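Accompanying notes for the structure given below.
The values are calculated or read from the model by the stated rules, or taken from the named source; none is laboratory data. These numbers were taken from a predicted model, which means no experiment stands behind them. All Cβ positions, even for glycine, are placed from backbone atoms using ideal geometry, and neighbour counts span all protein chains on display. For the accessible areas, the whole protein counts, side chains as well, though only heavy atoms, and no ligand, DNA or RNA atoms are used. Shrake-Rupley method; radii C 1.70, N 1.55, O 1.52, S 1.80 Å.
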Amino acid sequence: MDDMALMRRCLALARRGIGGTSPNPLVGALLYKDGRVIAGDYHRKAGEPHAEALVLTKAGAEAEGATLFVSLEPCCHTGKRTPPCTGAIIGAKVRRVVAAMEDPNPAVCGRGIETLNNAGIETEVGILRDEAKRLNEAYIKYITTKTPFVILKAAMTLDGKMADPDGQSKWITCEKSRRYVHRIRGGVDAVLTAIGTVKADNPRLTARGRGLRSPIRVCIDPSLETPLDYEILKTPPRTIIVTKETDTRACGQGVEFIHYDGRLDLKWLMRQLGQRQITSVMIEGGPSLTGHAVEDGIVDKVMFFIAPKIIGGKGVYSPVSSKSFRGIDSPYEVFDMKARILGADIVIEGYLR
């Protein structure tokens, strides 16, 4: 197998950790020697062994003289819950290390590769770098800005409506699309919504599916209008309410509050969530919240689910309703756009400039 094929296997291993490693990155590793893979594994959870340590333990003495493939530069810093991987790699007498990308963590950022080079280990960095960056796009943003990577998800009909004039939106998309949304929820740290959506739908905002971990719910509720018997207040895991109210005793136990005054600055809210080690957020709300998010410049990625249905009518809800608009010559631009078919629906994904 060539280096590129082996790195693809590393990235596939790393993906198995989706939903479990935050605030750590997704990392896969394998050891290759004498024409065969002798060990492969991936990082599962922050505080547990890194992928490199796992494969070195599996391989034992066979690791000597092998090539280590890893989807992210091995760590070299101390002061965390696990020892630096560079020490274990050097101790195992690995001959060569191939990493897909540098670790953007300021505590590493090339120092891991430098440490290995100084120990006489041959290194190479950059094989499938773009794929590795996409895999860890949430980690990269969080570790460099201390704010979460934000995905804006919206569902709409073919004529651009996300609900009928009465606000009814269940179900615009097909079951296959809804299952896919649950998988995306299972891979983010938090889902952001607003009181309008909560009162209209009483959603659980959980990730339902085998092996999926449900995200934290973050609800913007300025006047504390969430009914006490609604799902987001009684369904695990925890919920964060973003509110102007200071008397929160009626909400009971197990709810965290973020308080603000005046107009809510979503960039400020993202910094607050980053301080809580929330590295990724998916926005699932109505047109006002989505418009607010786009206007405040917090959206990194968009996911639009388009169903082959036509509602028609005037004044019907559209997916993004901001107070201002961009002219046709200066819109919010989406790049690296991809489309796929999910059941009867089309899903369009891309990144906002």
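Between Ala12 and Asp130, the modelled label-to-label distance comes to 2.1 nm, taking each label 7 Å out from Cα in the direction of the beta carbon.
Taking all protein chains together and rolling a 1.4 Å probe, Lys244 ends up with roughly 90 Å² accessible. The length gained by stretching the chain between Arg353 and Val37 to full extension, at 0.36 nm per residue less their Cα-Cα distance, is 109.7 nm.
Largest first, the three principal axis extents of the alpha carbons in region 265-353 are 42, 30, 25 Å in whole numbers.
Karplus-derived 3J(HN,Hα) values for region 119-134, using 6.51 cos²θ - 1.76 cosθ + 1.60 with θ = phi - 60°, are 8, x, 8, 5, 9, 8, 10, x, 5, 6, 4, 4, 5, 5, 5, 5 Hz; glycine and proline are entered as x. Sequence-distant contacts, meaning Cα pairs under 8 Å at least 6 residues apart, place the relative contact order of region 1-54 at 31 percent. As a calculated quantity, the FRET efficiency between Arg276 and Arg204 at R0 = 22 Å, using C-beta atoms, amounts to about 0.55. Sorted largest first by accessible area at a 1.4 angstrom probe radius, with every protein chain in place, the residues Cys76, Cys85 fall in the order Cys76, Cys85. In sequence order, region 54-71 has phi-based couplings of 5, 6, 5, 5, 4, 6, x, 5, 5, 5, 4, x, 8, 9, 9, 9, 8, 6 Hz under the Karplus curve 6.51 cos²θ - 1.76 cosθ + 1.60, θ = phi - 60°, and Gly or Pro positions carry x. With R₀ fixed at 41 Å, the C-beta to C-beta distance from Lys93 to Thr144 puts the FRET efficiency at about 0.75.
Shape annotation for region 31-171: C-alpha extents along the principal axes are 68, 33, 26 Å, from largest to smallest. For region 58-216, lysine pairs separated by 8 or more sequence positions, or belonging to different chains, with Cα-Cα distances below 15 Å total 5. On the beta carbon distance between Ala5 and His259, with R0 = 41 Å, the FRET formula returns roughly 0.20. Note the angle between two axes, namely the Cα long axis of helix 175-185 and the longest principal axis of the Cα atoms of the chain, as a number of degrees from 0 to 90, rounded to the nearest 10. Here the helix axis deviates by roughly 60 degrees. Contact order for region 195-336, expressed relative to its length and based on alpha carbon pairs under 8 Å spaced 6+ residues apart, stands at 17 percent.
Under 5 Å between amide hydrogens, which residues at least 5 positions from Gly286 or on another chain qualify, with H placed 1.01 Å from N in the peptide plane? Amide H neighbours of Gly286: Ala194, Thr197. Taking the chain as the reference, fit the longest principal axis to its C-alpha atoms, fit the long axis of helix 266-275 to the helix C-alpha atoms, and give the angle between the two in degrees, 0 to 90, nearest 10. The helix 266-275 is inclined about 40 degrees to the chain.
The amide H of Tyr317, built 1.01 Å from its N in the peptide plane, has Met162, Ala163 as neighbours under 5 Å, considering only residues 5 or more places off or on other chains. The percentage of C-alpha pairs in region 264-316 whose separation is greater than 12 Å is 74%. Taking the protein heavy atoms of the chain in the context of the full set of protein chains, the accessible area attributed to carbon and sulfur is 50 percent at 1.4 Å.
Remark: relative contact order (region 116-247) = 15 percent; criterion is Cα-Cα distance under 8 angstrom and separation of 6 or more residues.
A simple packing score, the average count of other Cβ atoms within 10 Å per residue, orders the peptides 325-335, 95-105 as 95-105, 325-335, with the highest score first. Over all directions, the projected convex hull of the C-alpha atoms in region 189-317 averages 9.7 nm² in area.
Using Cβ point charges alone (K and R +1, D and E -1), the dipole size of the chain about the Cα centre works out to roughly 720 debye.
Remark: the chain carries 48 Å² of accessible area per residue (probe radius 1.4 Å; ligands, DNA and RNA excluded).
Listed peptides 255-261, 226-232 appear in the order 226-232, 255-261 once ranked by packing, highest mean of other Cβ atoms within 10 Å at the front. Only one of the values (i) 41, 23, 18; (ii) 37, 23, 19; (iii) 32, 23, 21 was calculated from this structure for semi-axes √(5λ) of the Cα gyration tensor in Å; name its label. Among (i) 41, 23, 18; (ii) 37, 23, 19; (iii) 32, 23, 21, the one calculated here is (i). If you bin all the Cα-Cα distances of region 87-150 at 10 Å, starting from zero, the percentages per bin are 21, 45, 27, 7, 0. For the chain, the 222 nm mean residue ellipticity estimated from helices alone, with every DSSP H stretch of n ≥ 4 adding -39500 (n - 2.57) and the total spread over all residues, rounds to -7500 deg cm²/dmol.
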